[in-house]
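Okay, structure first, notes after.
The values are calculated or read from the model by the stated rules, or taken from the named source; none is laboratory data. Please read these numbers as outputs of a predicted model, since none were measured by experiment. Every residue, glycine among them, receives a Cβ derived from its backbone with ideal geometry; neighbour counts consider all protein chains shown.
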Amino acid sequence: MLEITNLTKYYGDHLAVEDLSFSIEEGDFATLLGPSGCGKSTTLRTIAGLIEPTEGTITLRGEDVTNLPPDQRNIGMVFQSSALFPHMTVKENLAYGLKMHGLDDEVDTRVSEYLDLVEMSGYEDHKTTELSGGQQRRVSIARALAYEPDILLLDEPLTGLDRVLREQIRNEIKQIQREINVTTLFVTHDQQEALSLSNQIIVLNNGQKEQEGTPESLYEHPKNRFVAEFVGKSSRFTGQPDDTKPSVIQNGSLTFAVDPESIPDTSPNTDGADVTLYVRPEDVVIDTSSTFQNEFDATVSHIADVGSHSEIELELEDGTPVLVEAERFPDLSVGEQTTVGFDPEDVIVL
Amino acid sequence: MIFRNLPVPTSVRERVTPRHLVAFGLGWLALFFVLPILVLVWQSLGIGTGEPLSAYQQALSGLYLWTIVRSFYYGIATTIVTLALAYAFSYFVVFWTSMKNLFLILVVLPLWIAYIIRYLGIQLFFSPTGPFVDLFGTDFGFLFSTRGVILGMTIAYLPFAILPIYNSMNAIDRDHIHASRVLGAGSLRTVYSVVFPLSLSGIVAAGLIVFILSSGSFLAPAVLGSSENFMIANMIERSYTELFNIELAAALSVIYTIILLALIAVFNSYVNLGEVFENI
């Protein structure tokens, strides 16, 4: 459906995107995820035709569109700022794209159909400047979809909205995407958005692809430290592999038991090179009675109840923080001595 | 209150209030602006001369009437040409060059030079011994003619048109333009449907400024025109300093001002000027 091959973009001497390749299948919801300045927006705008790539090709529906102007690509795009035309009403905004696609006869039916889809019926004659931030995003999504583009591009469309509204519109986007099954490419720096929306995530950093895969595979099998730390929360330990015991990582007084097969080949076991261990908060258990292969004394340093569960931060003897996701209102208090435990299979070694 | 943070003696602090400061400003305006205009209007009526309002009769007939018509005709022509040039220039500076500041300095720089010098420069440029005639063998009728006066005013007032247009165009969110392109509009259609309406407030403001300045221009017709190109300001000056007809000069001034205000009022009924000047 969409294929990016060896995309490179220089701004003067600054390399924004380096040799990036990925592809999206029909009906997929893909996300470009990365910190600000990683090149994700540049990539999106290159696909839209708003930025000319330095090198590489963009293929849409089997057609090379690299040199086509934006108006001939049949793309729908939602901008960070909504970018609704302030001198037009809601209806005129939607009609603009429809007319440009030669759908003059269908303006009335499509406008009501797509405003209905984003639950904005009845706002046809409102000025876009009178709408709230959330309403503007909705209209902007309707405008991008009304002429049934081949692909929908979303450039951090939830920026600037409060948390509740963010989640609400996020869910609506997902629902709309399922309903009309439009191939979608979403850009965000928010890993939670990426994990909850997409079935394919491309993690970018410094203009390069770090990893590509399903949310599950990124979360459970990150390929490198950047992905492990950027996608999801985790406790982080360092240590040296033990020559004699391949299933053990040593760090001073702490000894970690790991799955020996999870130790990557790239970190040689012999010369005492550092490896980093990650454990997800939901894999750690606070319990003084259970027996785990990895069990450490710890002191509770912070308890945050976030509603559905509690996030507890503890400190090991050497001061290393450990994050635990526990039931709500745990029977613990800050400063309390306890133990934490986790299984070797739950340790990600990188 | 006004002197809260200043070391002002209490006696002064108690006697001078904001009301006094306002009174000073308004008094200045009344004394040197409102009062002279009232005197001028009184003079124009010619009361006590035995022939009251005769100056208005004269001002609205023959040569004088034609001069009034010519003034507004030149004003409209200059406004149209200036707006076209200013729009093209602003578009170039906003969307095509990375050296915005350099071009903006070049726009403002001529304002440092007196009008008379600039008009004389244009006169020399088109003169029979000037570089233009050297190059083309003719001045294409630019000297001492309608087109010369309009050309001169266009050049003189261009900065006043560029600045508001540049401002409103530069304030357009680039994503509005990008959105238009992605929605399927070509670049010309985007200029017509997005850039133009979103910079309209600058165009209206620029048009108004140029129209007022050029309709009342004195130096351009005096330096670049012949007596056939005289505008209202030249007629007022001549009535006053050569014919010593103060009533006529005053009547011409009053008529000109009323027509100008009426034109602006008519314009305001189509375009809400209050909104326009708020948006600049």
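Per-residue answers, yes or no, for (1) exposed (fewer than 14 other Cβ atoms within 10 Å of the Cβ); (2) within 14 Å of chain B (Cβ to nearest Cβ); (3) without any contact (Cβ under 8 Å) to a residue 12 or more places away in the chain:
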| site | (1), (2), (3) |
| --- | --- |
| A:THR128 | no, yes, no |
| A:ILE173 | no, no, no |
| A:GLU179 | yes, no, no |
| A:GLU193 | no, no, no |
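Against the test of being more than 14 Å from every other protein chain (Cβ to nearest Cβ), surrounded by fewer than 21 Cβ atoms within 10 Å (Cβ to Cβ), assigned to a helix (DSSP H, G or I) and not hydroxyl-bearing (Ser, Thr, Tyr), the options B:VAL223, B:VAL210 yield a single qualifying residue, B:VAL223. Quick check: anything in region A:134-145 within 14 Å of chain B (Cβ to nearest Cβ) and more than 26 Å from the chain's Cα centre (by Cα)? Among the residues of region A:134-145, not one is within 14 Å of chain B (Cβ to nearest Cβ) and more than 26 Å from the chain's Cα centre (by Cα), which makes the answer no. Tallying residues that are surrounded by fewer than 22 Cβ atoms within 10 Å (Cβ to Cβ) and more than 22 Å from B:ALA220 (Cβ to Cβ) within region B:150-177 yields 10. The set of residues in region A:258-288 being touching a strand residue (DSSP E or B) at 6+ places or on another chain (Cβ under 6 Å), polar (S, T, N, Q) and either in a loop (DSSP other than H, G, I, E, B) or modelled with pLDDT of 80 or more (or both) consists of A:SER267, A:ASN269, A:THR276, A:THR288. The residues of region A:12-58 that are over 28 Å from A:ILE173 (Cα atoms) and either out of contact with any Ser or Thr (no Cβ under 8 Å at 6 or more places or on another chain) or not assigned by TED's automatic domain parsing to the domain that holds A:ILE202 (or both), listed by number, are A:GLY12, A:ASP13, A:HIS14. Inside region A:168-212, residues that are in a helix (DSSP H, G or I) and not hydroxyl-bearing (Ser, Thr, Tyr) make up a count of 19. For region B:193-217, the tally of residues that are over 12 Å from the mean Cα position of the chain (by Cα) and either more than 30 Å from A:LEU145 (Cβ to Cβ) or basic (Lys, Arg) (or both) stands at 4. Taking region A:67-83 as the range and being more than 7 Å from chain B (Cβ to nearest Cβ) and among the charged types (D, E, K, R) as the test, only A:ARG73 passes.
Filtered by the rule that a residue be part of a helix (DSSP H, G or I) and without any contact (Cβ under 8 Å) to a residue 12 or more places away in the chain, region A:95-110 gives A:LYS99, A:ASP104, A:ASP105, A:GLU106, A:ASP108, A:THR109.
As a summary of the residue check, A:PRO86 satisfies the conditions (1) facing chain B (nearest Cβ under 10 Å); (2) under 32 Å from the mean Cα position of the chain (by Cα); (3) part of a helix (DSSP H, G or I); (4) surrounded by fewer than 20 Cβ atoms within 10 Å (Cβ to Cβ) except for the one numbered (3). Yes or no: A:ILE51 crowded, with 19+ Cβ neighbours inside 10 Å and within 12 Å of another protein chain (Cβ to nearest Cβ)? Against the criterion (crowded, with 19+ Cβ neighbours inside 10 Å and within 12 Å of another protein chain (Cβ to nearest Cβ)), A:ILE51 qualifies.
When we screen B:VAL34, B:VAL12 for residues that are modelled with pLDDT under 90 and in a helix (DSSP H, G or I), the only hit is B:VAL12.
Of the listed requirements (1) in contact with a Lys or Arg (Cβ under 7 Å, 6 or more places away or on another chain); (2) within 17 Å of B:TRP42 (Cβ to Cβ), B:ILE258 misses just one: (1). All of (1) more than 10 Å from every other protein chain (Cβ to nearest Cβ); (2) of a type in the set (Asp, Glu); (3) crowded, with 22+ Cβ neighbours inside 10 Å hold for A:ASP155 with one exception: (1). Could you look through region B:226-256, keep only residues that are without any contact (Cβ under 8 Å) to a residue 12 or more places away in the chain and charged (D, E, K, R), and pick out the one that is surrounded by the fewest Cβ atoms within 10 Å (Cβ to Cβ)? Applying the filter and picking the extreme gives B:GLU242. Selection within region B:134-188: residues that are over 30 Å from A:SER82 (Cβ atoms) and among the small types (Gly, Ala, Ser). The member of this set that is farthest from the other protein chains (Cβ to nearest Cβ) is B:GLY137. Can you say whether B:VAL195 is over 30 Å from A:ASP71 (Cα atoms), within 14 Å of chain A (Cβ to nearest Cβ) and aliphatic (A, V, I, L, M), as far as the supplied structure shows? So B:VAL195 fails the test. Considering each residue of region A:54-66 in turn, at least one proves to be of a type outside the set (Gly, Ala, Ser), surrounded by fewer than 24 Cβ atoms within 10 Å (Cβ to Cβ), without any contact (Cβ under 8 Å) to a residue 40 or more places away in the chain and within 13 Å of another protein chain (Cβ to nearest Cβ).
Per-residue answers, yes or no, for (1) closer than 19 Å to B:SER253 by Cβ; (2) of a type in the set (D, E, K, R); (3) in contact with a helix residue (DSSP H, G or I) (Cβ under 8 Å, 6 or more places away or on another chain):
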residue	(1), (2), (3)
B:ARG13	no, yes, no
B:THR17	no, no, no
B:HIS20	no, no, no
B:ALA23	no, no, no
B:VAL34	yes, no, no
B:LEU40	yes, no, yes
B:SER44	yes, no, yes
B:ILE47	yes, no, no
B:PRO52	yes, no, yes
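Considering (1) out of contact with any Asp or Glu (no Cβ under 8 Å at 6 or more places or on another chain); (2) more than 7 Å from chain A (Cβ to nearest Cβ), the lone condition that B:SER201 does not fulfil carries the number (1). Taking the conditions (1) part of a helix (DSSP H, G or I); (2) under 21 Å from the mean Cα position of the chain (by Cα) in turn, B:THR190 satisfies each one other than (2).
Within region A:294-335, if we keep just the residues that are surrounded by 15 or more Cβ atoms within 10 Å (Cβ to Cβ) and outside any strand (DSSP E or B), the residue that is nearest to the chain's Cα centre (by Cα) turns out to be A:HIS309.
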